[in-house]
Structures are given as C-alpha cells and as structure tokens.
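Worksheet: the structure to be examined is printed underneath.
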Amino acid sequence: MNKITRREFLRGSASLLALQCIPAVAKAGESTWQTTYGSKQFDNVTITVELFDRSNAPNGSTITENRWTEYVQEEMQKVGINVEFVAVPRWDEVTKMQTMVASQTAPDLTLTYTYAYAEDYYNQGGTWDLSEFIDGEGQAENLKTYIGADVLDIGRNTDGELYGVVAKRAITAKSNLFIRKDWLDELGLEVPETPDELYDVLEQMVKNNPDGREDIMGIVWNAWNLKMAFSANAANILELDIAGTDGALQDYYDEGMRDYYRFMNRLYNNGLLNQEYYTMSEDTFKSYVVTGACAFLEYNVNGNVDVLRGSLLKTLQENDPTADFVSIEPLKNVYDGQQYSAGYAAGGLIAFCPKTADAETVEACVTYLDWMCTEAGGFTIYHGFEGEHFEYDENNVPIVIDSDYNSEDKDWIRTDLFITGNQGYFATEEDFISCAAAEVPGYEEYVIENYTNALVGTVNHESTYTSPSESDLITDIDLIKDEYVVQCITCLEDDFDNTFDEYLAELENAGIQTIIDERIAYYSAE
C-alpha cells in the first residue's frame, strides 16, 4: 500500500466522514426532547464523553477512573444515564478528533477548540443540529441560563442551526510574557518594554548569565501577546476581525507578521531561542523552566504559578530559592507605541454530537451538558464541597481551605471535566481572580499581577466567526502553517524573506484569499 502524507490524510477526513455518516433520526414534534436535568427519567442510556488527558493523574487514579468521574456517573445515573469517558491527549486533540470522526469512533460528546472543524463536520452532514434539543421551551434550561444566548450563538451557523455547544469562559485573559526577574536585577537591567529591549535583555541573560550557566534560552510556547507587539492591525478592530489575533490568517493578512517572524528568526540564529522549541512537548519546556534554563517565556495566563500547569515557579524555587519568574506587561507595539493584549473570545471549547449517536443518546448528552451547568454539576466539579474544599467569604465567593489537598484531590481534573465552562464556574471575573489567588498560598500577588498584566492596554479578543469556505480549507492551511513557521524561524537570516514569501504563496495557493474576502464581506456588512 502506498503511504500517504499527514496532510493528505487530514484533507481526506472530512470527505470520508460524509460517506460514512449515519442519517439523522427525524424528531417526533416540537420540543420532543426533554433535556433539562431531572425532567426525564432515561431507561439506562449510555453516553460516551471525551475527556482531555494531561497525563497528570495522581497516584491511585487515572483520568477516567477517579473520585470525580465516579461522582459524575452517580449523579447521571439518578436520571438513568450512564457515562463512559474517552481519554484523548490534550495536545493531540485535533488530530485524534479528526481520526475518530473519520472512522466513526468519536465519542457521543466530542470536544475541540477549533470551531471551523466542528462546523465543517456539521456541513458534511456528520453531526447533529442541537437546536431541536436546546431551543424549545423547557429544554436545557440550566444550560441556557448559565451559558447565555451570546455564547450559545457562537456555535450557530447563519441559518440558526446549532452545530455545537460552546463553553462560557470565566475570564477572557489569555496570555502572559514571563521573565526571570532575579536575573534582570542581578544584571542591572530594566523590565523590557519593546521588542528591541526584549532582544537586548535576552542577549544579556543568555551570554552573561549571572549564574554562569551556558544552557539558557528563551521559549515562545504561545505567541499571542508577542505578535500583538508587531501587529499592523492591532489598533483597527475591523482588520482584527478579518484576520484574527493568531494563526495563518493573521500571518497572511497582517503585514506586521513578517517582522514578527524576522524577530523570531533573529533570536533563533543568535542562539537566544531554544533550538528545538517549536517541536518540543509541553512537559519538556516546563522542565526547562523548573530547572532554571529558561530566561523568557510566553505561556498561558498565570502559567508561572497555575497548579493545573504544574506550579512552575514553586518547583523552580525548590531547586533555586533565589529564582523569581514573573509576568510583565505586554510590549509596546512597533507601529504606534501602544500596548495590546490578546484576549480569548467569550467562548471556550465546543462540544458536538456525531451522527453515530442516535437521537435519544443526543438527548441524554444534552441533559448531561445541562447538568454541568448546575450547582451540583459544574460548580461542584470545579470547587468541590463546602467544608471540605472551600468556604464562602464575606462576598459569597468560594475560597479554598487547603490548596495542597485540592490540588491532589480535584484540581488536576476539574477544568477538563467541567466542559460547559472554561476556567471555572464563577459569576464575575473579580470572583474568579479572588478565588484563583486564594488557591496558590504564598503566590497570591503573582496571580493578581498575572491577570492584571494579561489585560493591560487594549484587549483584542479572538473572532469566533467562521466564513463559508473556512471549514473546507482550514486543514490544508493549518498544515502549511505548521510546515512554514518552522522554516521561517529556523532558516538562515539571509534566506528569511524568500522563505516567508514562499509561505505566503503557499497560503494563497491553498485558497486563503477566499476566506479573507468572505470575512471582509461579513464584517464590512455588520
């Protein structure tokens, strides 16, 4: 058998799905399906639910067998629903999802952060329109109240069909720039405020490291805020909506991205950027941080002290008590000198139901999502039980009792199990920050500073619109991006412009201008 490339395989997934999908079961009438938790007793219906696996289960537990998955199963069995979890590695979720959908082995509730894929599967006829299970009077009442119409509508197409249920974010803060503050102080350097200042600081930290180390480097795990410092569109809302704040569309449409990649190329060629950073695993880059080999990092908001992401600063200080790894404000934009932060959209991941599930199974899945939006559901999964995991403060905000106990008992799984809310079950952003700070004793000020810095200046939120052609073209475009971003950063400096031009030409050949034109038409008409 001839081998196929990864690009050919992924390109073929949607077509394979269209051939293999099972026809929908017609509904019996308006509001046929009862999806508010407790409104119907099911007859021993089993649903399969995707669960992201971060390989962080404590001893004695697995991602699918632990106290909290048992709690979910007990609560759902009260209404006749059995829940079986399907573990998927968090950082391989897109590839794994595409494989499962194409082979008809996807869970009844499948998850992704890439809306275009979810919509593409729907357009191919392979997933359910969930509007008939949610929009009717009396249906999914907890879900509609918690998520809200604005976030729920993110998962709708222009015809009002609901191809997935989008989780509500507790806060839209997205990313932080982190730096070794102790080395800044020892070298007598100021906190960098511009890309050029960052380059100079990194050069000093790498080549004149105060600890005498020769293995120091910078790592850009995410490139959201750093890209904002180079974006020519950062001050123009329409242009941002057209191209977004990350991804191939931004690379193609935002002329400032050439200078962003040139900056990264310069860092790489001068030994200031980890030479394997683009292919390293998350666990590997974390190991560089905690062993003191990382001078600078862009990572998820609160990533230096977040328990979910490994309490990196705490572990670093166990190895080197004098070390300090702090967030800084976003760098000033090279065009106008202003500060811009990349922010999440109001929605997080999206859950959808493949047609391999029959109608009653989908009804049970939506009931499960509805339960997730209750106090006994998502709130308990995230915060635990009053008196054991938290107490309410004077503002009725749940505050942890023992963060070490919570970390071992529930925090490692709570965000991935609670799939109707990203980053927690909270009424306001202020409640979220207060609770998040209390969860990291001794590092409360870091948490507050992280979220403050992540929202400095103008916050440019992600676009959630998917153009008509985007779902068809996104796989090829993303694969081109993956291939050329590495080349643009690692090529010789003299070859950079030619390599970047090739990247743009490949994107154009893949049809990216069609998406741009559709997005221009959509946003210009609003």
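Could you run through region 91-114 and say how many residues are open to solvent by 30 Å² or more (accessible area, probe 1.4 Å), under 17 Å from the mean Cα position of the chain (by Cα) and not aliphatic (A, V, I, L, M)? Before the answer, list the steps.
So the first thing to find is which residues in region 91-114 are open to solvent by 30 Å² or more (accessible area, probe 1.4 Å), and the list is 91-92, 94-96, 99, 103-105, 113-114.
With under 17 Å from the mean Cα position of the chain (by Cα) added as a condition, the list becomes 91-92, 94-96, 113-114.
Checking which are not aliphatic (A, V, I, L, M) leaves us with 91-92, 95-96, 113-114.
The qualifying residues number 6.
Go through region 327-339 and give me each residue that's surrounded by fewer than 21 Cβ atoms within 10 Å (Cβ to Cβ), touching a residue at least 40 places away in the same chain (Cβ under 8 Å) and either out of contact with any helix residue (DSSP H, G or I) (no Cβ under 6 Å at 6 or more places or on another chain) or not in a loop (DSSP other than H, G, I, E, B) (or both). Spell out the reasoning first.
Going through region 327-339, the residues surrounded by fewer than 21 Cβ atoms within 10 Å (Cβ to Cβ) turn out to be 328-329, 332, 334-339.
Okay, now just the ones that are also touching a residue at least 40 places away in the same chain (Cβ under 8 Å), so 328-329, 332, 334-336, 338-339.
Result: Ile328, Lys332, Val334, Tyr335, Asp336, Gln338, Gln339.
Sort out which residues of region 167-197 are assigned to a loop (DSSP other than H, G, I, E, B), open to solvent by less than 10 Å² (accessible area, probe 1.4 Å) and under 16 Å from Gly218 (Cα atoms), and write them in order of number. Full working, then the answer.
Initially, region 167-197 is screened for residues assigned to a loop (DSSP other than H, G, I, E, B), giving 170-172, 174, 188-194.
Filter once more, keeping what is open to solvent by less than 10 Å² (accessible area, probe 1.4 Å): 171, 174, 192.
Once the filter is applied, which keeps residues that are assigned to a loop (DSSP other than H, G, I, E, B), open to solvent by less than 10 Å² (accessible area, probe 1.4 Å) and under 16 Å from Gly218 (Cα atoms), region 167-197 yields only Pro192.
Need at least 1 residues that are touching a Gly at 6+ places or on another chain (Cβ under 8 Å) and closer than 20 Å to Arg90 by Cα per element, so show me which helices (runs of 4 or more DSSP H) inside region 366-444 make the cut, counting only ones lying wholly within it. First the steps, then the outcome.
Values: elements: 380-383, 403-406, 412-417, 429-438.
Those helices (runs of 4 or more DSSP H) span 380-383, 412-417.
Filter region 105-149 down to residues that are touching a Lys or Arg at 6+ places or on another chain (Cβ under 9 Å) and not in a helix (DSSP H, G or I), then give me how many there are.
The number of residues fulfilling the criteria is 6.
Regarding region 142-150, can at least one residue be identified that is open to solvent by 10 Å² or more (accessible area, probe 1.4 Å), polar (S, T, N, Q) and modelled with pLDDT of 95 or more?
yes
Residue-by-condition table, conditions (1) open to solvent by less than 40 Å² (accessible area, probe 1.4 Å); (2) under 22 Å from the mean Cα position of the chain (by Cα):
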| position | (1), (2) |
| --- | --- |
| Ser341 | yes, yes |
| Ala359 | yes, no |
| Trp371 | yes, no |
| Pro398 | yes, no |
| Glu408 | no, no |
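Exactly one of these conditions fails for Thr158: (1) touching a residue at least 12 places away in the same chain (Cβ under 8 Å); (2) assigned to a loop (DSSP other than H, G, I, E, B). Give me its number.
The single condition Thr158 does not satisfy is (1).
May I ask you to list the residues in region 116-141 that are more than 21 Å from Trp33 (Cβ to Cβ) and open to solvent by 30 Å² or more (accessible area, probe 1.4 Å)?
Asn123, Gln124
Look through region 212-241, keep the residues that are assigned to a loop (DSSP other than H, G, I, E, B), open to solvent by less than 60 Å² (accessible area, probe 1.4 Å) and of a type in the set (S, T, N, Q), and return whichever of them is nearest to Ala173 (Cα to Cα).
The selected residue is Asn222.
Can you find a residue in region 453-475 that is in contact (Cβ under 8 Å) with a residue 60 or more places away in the chain, under 30 Å from Phe432 (Cα atoms), open to solvent by less than 20 Å² (accessible area, probe 1.4 Å) and among the hydrophobic types (A, V, I, L, M, F, W, C)?
Yes; the residues of region 453-475 include at least one that is in contact (Cβ under 8 Å) with a residue 60 or more places away in the chain, under 30 Å from Phe432 (Cα atoms), open to solvent by less than 20 Å² (accessible area, probe 1.4 Å) and among the hydrophobic types (A, V, I, L, M, F, W, C).
I'm trying to understand the selection: among the residues of region 484-510, which are under 13 Å from Tyr252 (Cβ atoms) and under 28 Å from the mean Cα position of the chain (by Cα)? Outline the logic, then answer.
Going through region 484-510, the residues under 13 Å from Tyr252 (Cβ atoms) turn out to be 484-485, 488, 500-510.
Of everything in region 484-510, those that are under 13 Å from Tyr252 (Cβ atoms) and under 28 Å from the mean Cα position of the chain (by Cα) turn out to be Tyr484, Val485, Cys488, Phe500, Tyr503, Leu504, Glu506, Leu507, Glu508, Ala510.
Would a scan of region 74-90 turn up a residue that is more than 28 Å from Lys286 (Cα to Cα), in a loop (DSSP other than H, G, I, E, B) and among the polar types (S, T, N, Q)? Write out each step before concluding.
So the first thing to find is which residues in region 74-90 are more than 28 Å from Lys286 (Cα to Cα), and the list is 74-84.
If we keep only those that are in a loop (DSSP other than H, G, I, E, B) too, we end up with 78-80.
Retained after the next criterion (residues that are among the polar types (S, T, N, Q)): none.
No: region 74-90 contains no residue that is more than 28 Å from Lys286 (Cα to Cα), in a loop (DSSP other than H, G, I, E, B) and among the polar types (S, T, N, Q).
The values are calculated or read from the model by the stated rules, or taken from the named source; none is laboratory data. Remember, it's a predicted structure, so these values are computed and weren't measured experimentally. Virtual Cβ from ideal backbone geometry, glycine too; neighbours counted across all protein chains shown. Surface accessibility is based on the protein's heavy atoms, side chains included, excluding ligands, DNA and RNA. Shrake-Rupley method; radii C 1.70, N 1.55, O 1.52, S 1.80 Å.
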